[in-house]
DNA sequence: ACATATACCTTGACACACGAAGTATAATAT
DNA sequence: ATATTATACTTCGTGTGTCAAGGTATATGT
């Protein structure tokens with residue numbers, strides 16, 4: 001079953017940052033990873049993905065650099081900054097708080 | 001701490017329907033209840049609240065009627081329909097699924 | 001030659017939440 | 001008496017995040 005995007009909205013930044021906490025990565029790979037991890041239940045649309053990268057870079061949560069592939073299509077890698085790491089940890093707490101609040105309100 | 005509204009987005013309908021599952025109610029009271037239940041961590045803005053009522057009524061999830069108060073300010077009461085009850089139960093399941101998916105993606 | 005997979009980018013539209021403002025009555029404080 | 005606060009609903013315009021639809025480019029398989 002597919003996940004309604006309005007339930008995910010606002011979580012895309014954290015999801016991407018969570019990936020970058022592990023290692024530098026690039027858009028296409030991150031999206032594949034999301035799709036795999038959720039058994040196809042969820043995947044970001046490309047337009048959304050690159051919009052979020054742009055936003056996170058403007059916020060200085062991530063920086064980007066071109067991979068030196070001489071073979072395949074060029075990849076733009078993203079790296080999380082110290083600010084981004086801090087933001088990720090805080091956002092995760094906020095997310096948990098929000099889930100608790102909503103769960104209480106809808107009586108789960 | 002206040003809850004970021006993007007974490008709530010998409011949950012407002014369920015939150016309101018959850019209240020109406022208990023009993024018919026009106027906007028002001030529902031919002032007070034939300035504020036009380038969350039110890040002030042969250043409250044819907046009035047514009048949002050009435051927008052959601054409008055949307056739910058258009059979707060035939062709820063119906064409304066004027067209260068017969070002869071004393072205080074007039075109240076518009078809302079009642080959940082059978083369709084609304086069904087929608088509520090389904091949405092709750094979807095919400096839980098979405099939370100599990102996100103939790104997995106951000107490694108909680 | 002053609003299709004498919006990889007990989008990135010941009011533009012415009014849409015839906016939801018919200019800020020700001022307004023209307024109206026009842027209760028309470030000064 | 002009159003000013004303020006609490007109750008209660010409404011409408012209009014704006015902003016943000018997501019997405020549909022389109023595009024570019026290279027490598028590999030058939």
query = Once fully extended, how much extra length lies between residue A:21 and residue A:47, figured as 0.36 nm per residue of separation less the alpha-carbon to alpha-carbon distance?
reply = 7.1 nm
request  = Would you mind computing, in nm to one decimal, how far apart the modelled labels at residue B:37 and residue A:28 are, each placed 7 Å from Cα along Cα→Cβ?
outcome  = 4.6
remark   = For the range A:14-108, Rg(Cα) over 2.2 N^0.38 Å is 1.23
inquiry  = Connecting C-alpha atoms closer than 10 Å in a GNM of chain A, tell me which of A:80, A:16, A:34 has the biggest fluctuation.
reply    = A:34
query = What angle, in degrees between 0 and 90 and rounded to the nearest 10, separates the Cα long axis of helix B:12-22 from the longest principal axis of the Cα atoms of chain B?
reply = 60
Chain A: angle of helix A:82-105 to the longest principal axis, Cα-based, in degrees nearest 10 = 30
note = Summing -39500 (n - 2.57) over every DSSP H run of at least 4 residues in chain B and dividing by its residue count gives a helix-only mean residue ellipticity at 222 nm, to the nearest 500 deg cm²/dmol, of -18500 deg cm²/dmol
key: Euclidean distance between Cα centres, the range A:72-86 to the range B:60-100, Å   = 44
remark   = For the range A:8-105 the mean separation of alpha carbon contacts under 8 Å (6+ apart) over residue count, i.e. relative contact order in percent, is 30
ask   = Using alpha carbons only, how many degrees (0 to 90, rounded to 10) separate the axis of helix B:46-58 from the longest principal axis of chain B?
value = 80
query = Which of these, B:57, B:94, B:13, has the largest mean-square fluctuation under a Gaussian network model of chain B (Cα springs below 10 Å)?
reply = B:94
key: Å³ per residue enclosed by the Cα convex hull of the protein assembly as shown   = 131
inquiry  = Given the range B:42-84, report the % of alpha carbon pairs whose separation exceeds 14 Å.
reply    = 56
request  = Once the label point is placed 7 Å from Cα along Cβ, list for residue A:51 the distances to the corresponding points in the other copies, in nm, shortest first.
outcome  = 1.6
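Where a number appears in this text, it was derived from the coordinates with a stated rule and is not lab data. These numbers were taken from a predicted model, which means no experiment stands behind them. Glycine gets a Cβ as well: all are built from the backbone with ideal geometry, and neighbour counts include every protein chain shown.
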